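The values are calculated or read from the model by the stated rules, or taken from the named source; none is laboratory data. Worth saying up front: this structure is predicted, and the values here are computed from it rather than measured. Backbone-built Cβ (ideal geometry, glycine too); neighbour counts: all protein chains shown. Each accessible area value is taken on the protein alone, full model and side chains, heavy atoms only, with ligands, DNA and RNA left out. Shrake-Rupley method; radii C 1.70, N 1.55, O 1.52, S 1.80 Å.
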Amino acid sequence: MTSPPTPQQDSSASSLMWPVDYILNSDYSPLRIEKQLPEDHWRDAFEDLLALEANGEMISLESRRTEKDMAVKIIYRKASNTIYAINRNLRTFAGNRKRLLELRKNTGSEGDARRICWVDDMGLPENRSDVDRQIKTYKLLTQAVERQKHWSASQNKHRGQWIASLISSGVLPGWSSRLESNSWLGEPRMFMQKLTVPRSERDEKDSFAFTDNGLYLRFRVKEPLQKIVHSEARRRSDFVIVNDHDLKNSSSDSVRSRQNLIAQTTTSERILLADGSIATKVVLTNHARNGREEKIEIIEDAAKVLEEVEKARNLMRGRSICW
(Lines give C-alpha, C1' and ligand atoms only; values in the text may rest on other atoms or scores of the structure.)
Protein backbone atom coordinates (compact mmCIF):
# COMPACT_ATOMS: atom_id res chain seq x y z
CA MET A 1 0.00 0.00 0.00
CA THR A 2 1.35 3.39 -0.96
CA SER A 3 1.83 5.66 2.04
CA PRO A 4 0.05 9.04 2.06
CA PRO A 5 2.18 11.89 0.78
CA THR A 6 3.52 14.52 3.12
CA PRO A 7 2.06 18.04 2.83
CA GLN A 8 5.11 19.11 0.87
CA GLN A 9 4.58 16.26 -1.65
CA ASP A 10 0.83 16.73 -2.00
CA SER A 11 0.16 19.56 -4.42
CA SER A 12 -3.34 20.06 -2.97
CA ALA A 13 -2.00 20.94 0.46
CA SER A 14 -0.29 24.23 1.19
CA SER A 15 2.54 23.90 3.70
CA LEU A 16 1.89 27.48 4.79
CA MET A 17 -1.72 26.68 5.75
CA TRP A 18 -1.03 23.18 7.04
CA PRO A 19 -2.96 21.30 8.27
CA VAL A 20 -6.37 22.90 7.58
CA ASP A 21 -5.79 23.13 3.84
CA TYR A 22 -4.70 19.48 3.86
CA ILE A 23 -7.85 18.37 5.73
CA LEU A 24 -10.12 20.25 3.34
CA ASN A 25 -8.43 19.49 0.04
CA SER A 26 -6.11 16.49 0.18
CA ASP A 27 -7.15 13.10 -1.19
CA TYR A 28 -5.62 11.68 1.99
CA SER A 29 -7.62 13.88 4.37
CA PRO A 30 -8.94 11.89 7.34
CA LEU A 31 -12.40 13.15 6.38
CA ARG A 32 -12.04 11.39 3.02
CA ILE A 33 -10.36 8.24 4.26
CA GLU A 34 -12.99 7.65 6.95
CA LYS A 35 -15.59 7.42 4.21
CA GLN A 36 -13.74 4.47 2.68
CA LEU A 37 -12.67 2.85 5.98
CA PRO A 38 -15.22 4.02 8.55
CA GLU A 39 -14.29 1.48 11.24
CA ASP A 40 -10.94 3.11 12.07
CA HIS A 41 -10.43 6.27 14.13
CA TRP A 42 -8.85 8.44 11.43
CA ARG A 43 -9.65 11.73 13.12
CA ASP A 44 -8.03 10.69 16.40
CA ALA A 45 -4.98 9.38 14.56
CA PHE A 46 -4.57 12.60 12.62
CA GLU A 47 -5.03 14.65 15.80
CA ASP A 48 -2.30 12.59 17.50
CA LEU A 49 -0.03 13.23 14.52
CA LEU A 50 -0.55 16.97 14.91
CA ALA A 51 -0.08 16.76 18.68
CA LEU A 52 3.27 15.03 18.22
CA GLU A 53 4.27 17.68 15.70
CA ALA A 54 3.20 20.59 17.92
CA ASN A 55 3.86 19.36 21.46
CA GLY A 56 5.90 16.19 21.20
CA GLU A 57 3.20 14.00 22.76
CA MET A 58 -0.14 12.50 21.76
CA ILE A 59 -3.51 13.43 23.23
CA SER A 60 -3.86 11.69 26.59
CA LEU A 61 -6.20 8.73 26.92
CA GLU A 62 -7.82 10.36 29.95
CA SER A 63 -8.62 13.48 27.94
CA ARG A 64 -10.16 11.38 25.19
CA ARG A 65 -12.19 9.38 27.73
CA THR A 66 -13.69 12.41 29.46
CA GLU A 67 -14.45 14.09 26.13
CA LYS A 68 -16.17 10.94 24.89
CA ASP A 69 -18.26 10.79 28.08
CA MET A 70 -19.39 14.36 27.43
CA ALA A 71 -20.12 13.57 23.78
CA VAL A 72 -22.36 10.68 24.83
CA LYS A 73 -24.10 12.92 27.36
CA ILE A 74 -24.76 15.47 24.62
CA ILE A 75 -26.15 12.75 22.34
CA TYR A 76 -28.58 11.68 25.05
CA ARG A 77 -29.63 15.28 25.66
CA LYS A 78 -30.32 15.90 22.00
CA ALA A 79 -32.21 12.65 21.71
CA SER A 80 -34.22 13.43 24.85
CA ASN A 81 -35.29 16.79 23.46
CA THR A 82 -36.26 15.26 20.12
CA ILE A 83 -38.25 12.50 21.84
CA TYR A 84 -39.98 15.19 23.91
CA ALA A 85 -41.02 16.90 20.66
CA ILE A 86 -42.15 13.59 19.13
CA ASN A 87 -44.32 12.80 22.16
CA ARG A 88 -45.85 16.26 22.01
CA ASN A 89 -46.62 15.79 18.32
CA LEU A 90 -48.18 12.38 18.98
CA ARG A 91 -50.47 13.93 21.59
CA THR A 92 -51.49 16.56 19.05
CA PHE A 93 -52.20 13.94 16.39
CA ALA A 94 -54.21 11.87 18.88
CA GLY A 95 -56.35 14.93 19.56
CA ASN A 96 -56.78 15.50 15.84
CA ARG A 97 -57.89 11.90 15.33
CA LYS A 98 -60.46 12.23 18.11
CA ARG A 99 -61.88 15.37 16.49
CA LEU A 100 -62.01 13.68 13.07
CA LEU A 101 -63.93 10.72 14.49
CA GLU A 102 -66.36 13.06 16.27
CA LEU A 103 -66.82 14.98 13.01
CA ARG A 104 -67.56 11.76 11.17
CA LYS A 105 -70.03 10.64 13.82
CA ASN A 106 -71.90 13.95 13.83
CA THR A 107 -71.79 14.16 10.06
CA GLY A 108 -73.19 10.65 9.74
CA SER A 109 -76.32 11.61 11.58
CA GLU A 110 -76.79 14.53 9.19
CA GLY A 111 -76.27 12.38 6.11
CA ASP A 112 -73.42 14.39 4.53
CA ALA A 113 -71.75 11.69 2.45
CA ARG A 114 -69.10 13.99 1.01
CA ARG A 115 -67.79 14.97 4.43
CA ILE A 116 -67.73 11.33 5.54
CA CYS A 117 -65.72 10.46 2.43
CA TRP A 118 -63.25 13.27 3.16
CA VAL A 119 -62.73 12.03 6.72
CA ASP A 120 -62.32 8.43 5.57
CA ASP A 121 -60.24 9.07 2.46
CA MET A 122 -58.10 12.04 3.52
CA GLY A 123 -58.43 13.14 7.13
CA LEU A 124 -57.85 9.83 8.91
CA PRO A 125 -55.19 8.49 6.45
CA GLU A 126 -53.20 11.72 6.73
CA ASN A 127 -53.45 11.54 10.51
CA ARG A 128 -52.21 7.93 10.43
CA SER A 129 -49.36 8.98 8.15
CA ASP A 130 -48.35 11.74 10.58
CA VAL A 131 -48.30 9.26 13.45
CA ASP A 132 -46.32 6.69 11.45
CA ARG A 133 -43.76 9.32 10.49
CA GLN A 134 -43.21 10.28 14.12
CA ILE A 135 -42.83 6.64 15.15
CA LYS A 136 -40.36 6.06 12.32
CA THR A 137 -38.35 9.09 13.44
CA TYR A 138 -38.27 7.73 16.98
CA LYS A 139 -36.99 4.34 15.80
CA LEU A 140 -34.31 5.91 13.59
CA LEU A 141 -33.26 8.16 16.45
CA THR A 142 -32.89 5.35 18.97
CA GLN A 143 -30.90 3.30 16.43
CA ALA A 144 -28.60 6.26 15.76
CA VAL A 145 -28.07 6.88 19.47
CA GLU A 146 -27.22 3.22 20.06
CA ARG A 147 -24.71 3.34 17.23
CA GLN A 148 -23.12 6.71 17.92
CA LYS A 149 -22.71 6.31 21.67
CA HIS A 150 -19.81 3.97 20.87
CA TRP A 151 -18.06 6.51 18.64
CA SER A 152 -15.16 8.64 19.81
CA ALA A 153 -15.78 12.29 20.62
CA SER A 154 -14.10 13.38 17.38
CA GLN A 155 -16.36 11.10 15.32
CA ASN A 156 -19.46 12.61 16.93
CA LYS A 157 -18.44 16.14 15.97
CA HIS A 158 -19.55 17.78 12.75
CA ARG A 159 -16.66 17.99 10.32
CA GLY A 160 -16.28 21.74 10.71
CA GLN A 161 -16.58 21.44 14.48
CA TRP A 162 -13.86 18.80 14.52
CA ILE A 163 -11.50 20.89 12.38
CA ALA A 164 -11.99 23.90 14.67
CA SER A 165 -11.59 21.72 17.76
CA LEU A 166 -7.97 21.09 16.75
CA ILE A 167 -7.37 24.61 18.08
CA SER A 168 -8.80 23.82 21.51
CA SER A 169 -6.90 20.51 21.51
CA GLY A 170 -3.73 22.58 21.42
CA VAL A 171 -2.46 21.02 18.18
CA LEU A 172 -2.96 24.09 15.97
CA PRO A 173 -0.70 26.75 17.50
CA GLY A 174 -1.20 30.18 16.01
CA TRP A 175 -4.74 29.53 14.74
CA SER A 176 -8.04 31.03 15.80
CA SER A 177 -11.63 30.22 14.87
CA ARG A 178 -14.87 32.16 14.88
CA LEU A 179 -18.29 30.50 14.77
CA GLU A 180 -20.97 32.94 13.60
CA SER A 181 -24.73 32.64 13.38
CA ASN A 182 -26.05 33.10 9.86
CA SER A 183 -29.79 33.60 9.47
CA TRP A 184 -29.55 33.47 5.67
CA LEU A 185 -27.91 30.04 5.60
CA GLY A 186 -29.87 28.81 8.62
CA GLU A 187 -26.75 27.36 10.24
CA PRO A 188 -23.59 28.70 11.89
CA ARG A 189 -20.64 29.56 9.67
CA MET A 190 -17.07 28.78 10.72
CA PHE A 191 -14.09 31.03 9.99
CA MET A 192 -10.55 29.82 10.69
CA GLN A 193 -7.47 31.97 10.42
CA LYS A 194 -3.77 31.39 10.88
CA LEU A 195 -2.69 34.34 12.98
CA THR A 196 1.01 33.81 12.31
CA VAL A 197 0.64 34.56 8.60
CA PRO A 198 1.72 38.17 7.89
CA ARG A 199 -1.08 40.06 6.23
CA SER A 200 -2.34 43.57 5.61
CA GLU A 201 -5.98 42.70 5.07
CA ARG A 202 -8.36 39.72 5.30
CA ASP A 203 -8.37 37.52 2.21
CA GLU A 204 -8.83 33.89 1.24
CA LYS A 205 -5.10 33.16 1.37
CA ASP A 206 -4.80 33.20 5.14
CA SER A 207 -8.23 32.01 6.25
CA PHE A 208 -10.92 29.44 5.59
CA ALA A 209 -14.71 29.66 5.83
CA PHE A 210 -17.17 26.78 5.70
CA THR A 211 -20.48 25.46 7.00
CA ASP A 212 -21.50 21.98 8.15
CA ASN A 213 -23.77 21.55 5.13
CA GLY A 214 -21.00 22.64 2.80
CA LEU A 215 -18.61 20.06 4.24
CA TYR A 216 -21.35 17.44 4.14
CA LEU A 217 -21.74 18.02 0.40
CA ARG A 218 -17.98 17.94 -0.08
CA PHE A 219 -17.36 14.67 1.75
CA ARG A 220 -20.77 13.02 1.29
CA VAL A 221 -21.00 11.06 4.52
CA LYS A 222 -24.26 10.86 6.48
CA GLU A 223 -24.55 11.84 10.12
CA PRO A 224 -27.80 10.09 11.13
CA LEU A 225 -28.36 11.48 14.61
CA GLN A 226 -27.64 15.08 13.61
CA LYS A 227 -29.86 14.72 10.54
CA ILE A 228 -32.75 13.39 12.61
CA VAL A 229 -32.40 15.99 15.35
CA HIS A 230 -32.10 18.88 12.89
CA SER A 231 -35.06 17.65 10.84
CA GLU A 232 -37.26 17.56 13.92
CA ALA A 233 -35.95 20.90 15.17
CA ARG A 234 -36.81 22.66 11.90
CA ARG A 235 -40.48 22.08 12.72
CA ARG A 236 -40.13 24.08 15.92
CA SER A 237 -38.99 27.60 16.75
CA ASP A 238 -39.40 27.61 20.53
CA PHE A 239 -37.03 26.49 23.28
CA VAL A 240 -37.19 22.87 24.38
CA ILE A 241 -37.27 22.36 28.14
CA VAL A 242 -37.14 18.69 29.08
CA ASN A 243 -38.87 19.06 32.44
CA ASP A 244 -40.21 21.59 34.91
CA HIS A 245 -37.07 21.39 37.05
CA ASP A 246 -34.99 22.68 34.12
CA LEU A 247 -37.53 25.42 33.48
CA LYS A 248 -37.41 26.65 37.08
CA ASN A 249 -33.62 26.75 36.97
CA SER A 250 -33.48 28.78 33.75
CA SER A 251 -33.83 32.47 34.55
CA SER A 252 -35.47 34.77 32.01
CA ASP A 253 -32.32 36.90 31.84
CA SER A 254 -30.26 33.84 31.03
CA VAL A 255 -32.67 32.78 28.28
CA ARG A 256 -32.66 36.26 26.75
CA SER A 257 -28.86 36.41 26.73
CA ARG A 258 -28.68 33.00 25.07
CA GLN A 259 -31.06 34.12 22.35
CA ASN A 260 -28.69 37.02 21.58
CA LEU A 261 -25.57 34.90 21.03
CA ILE A 262 -24.25 35.66 17.55
CA ALA A 263 -20.66 34.37 17.59
CA GLN A 264 -18.06 32.42 19.52
CA THR A 265 -14.33 32.78 18.97
CA THR A 266 -11.71 30.27 20.07
CA THR A 267 -8.00 30.64 20.73
CA SER A 268 -5.56 28.49 22.69
CA GLU A 269 -2.05 28.63 24.04
CA ARG A 270 0.37 26.45 25.93
CA ILE A 271 0.99 27.70 29.47
CA LEU A 272 3.27 26.77 32.36
CA LEU A 273 1.41 25.63 35.47
CA ALA A 274 2.58 26.16 39.06
CA ASP A 275 3.81 22.56 39.31
CA GLY A 276 6.07 23.09 36.31
CA SER A 277 3.93 21.11 33.84
CA ILE A 278 2.76 22.41 30.47
CA ALA A 279 -0.97 22.66 29.76
CA THR A 280 -3.30 23.97 27.06
CA LYS A 281 -5.43 26.98 27.95
CA VAL A 282 -8.47 27.54 25.74
CA VAL A 283 -10.22 30.90 25.62
CA LEU A 284 -13.80 30.91 24.32
CA THR A 285 -15.35 34.32 23.78
CA ASN A 286 -19.11 34.53 23.38
CA HIS A 287 -20.32 37.61 21.49
CA ALA A 288 -23.83 38.93 22.14
CA ARG A 289 -25.95 40.93 19.75
CA ASN A 290 -25.76 43.98 22.03
CA GLY A 291 -21.95 44.00 21.86
CA ARG A 292 -21.29 42.36 25.22
CA GLU A 293 -18.62 39.68 25.45
CA GLU A 294 -18.17 36.78 27.83
CA LYS A 295 -14.77 35.11 28.10
CA ILE A 296 -14.52 31.51 29.28
CA GLU A 297 -11.03 30.21 30.10
CA ILE A 298 -10.62 26.44 30.27
CA ILE A 299 -7.37 24.67 31.15
CA GLU A 300 -6.83 21.03 30.13
CA ASP A 301 -10.52 20.10 30.06
CA ALA A 302 -11.60 18.88 26.62
CA ALA A 303 -15.02 17.81 27.95
CA LYS A 304 -15.80 21.32 29.20
CA VAL A 305 -14.70 22.85 25.90
CA LEU A 306 -16.94 20.45 23.98
CA GLU A 307 -19.87 21.30 26.24
CA GLU A 308 -19.48 25.08 25.84
CA VAL A 309 -19.01 24.84 22.06
CA GLU A 310 -22.05 22.57 21.73
CA LYS A 311 -24.17 25.05 23.68
CA ALA A 312 -23.12 27.87 21.37
CA ARG A 313 -23.76 25.84 18.21
CA ASN A 314 -27.29 24.94 19.33
CA LEU A 315 -28.11 28.50 20.39
CA MET A 316 -26.98 29.90 17.06
CA ARG A 317 -29.35 27.49 15.36
CA GLY A 318 -32.18 28.90 17.45
CA ARG A 319 -32.38 26.00 19.85
CA SER A 320 -31.67 25.76 23.56
CA ILE A 321 -31.01 22.40 25.16
CA CYS A 322 -30.85 22.67 28.93
CA TRP A 323 -27.55 21.49 30.32
*asked:* Can you give me the orientation-averaged projected area of the convex hull built on the Cα atoms of region 79-194, in nm²?
replied: 10.8 nm²
*Given R₀ = 56 Å, FRET efficiency for Ala279-Arg115 by Cβ-Cβ distance, to 0.05?*
0.20
_Net lengthening on full extension, Glu293/Glu126 (0.36 nm per residue, minus Cα-Cα)_ = 55.3 nm
*asked:* Beyond a 19 Å Cα-Cα separation, which of these cross-linked pairs lie in this structure: Lys281/Lys304; Lys68/Lys295; Lys73/Lys295; Lys35/Lys68; Lys68/Lys149?
replied: Lys68/Lys295; Lys73/Lys295; Lys35/Lys68
*Calculated from backbone phi, Karplus (6.51, -1.76, 1.60) coupling profile of region 162-169 in Hz, x at Gly/Pro*: 5, 4, 5, 5, 5, 5, 5, 6
*Tell me, what is the per residue accessible area of region 25-74 in Å², probe radius 1.4 Å?*
59 Å²
*Using a probe of 1.4 angstrom, how much of the accessible area of region 93-160 is carbon and sulfur, in percent?*
52 percent
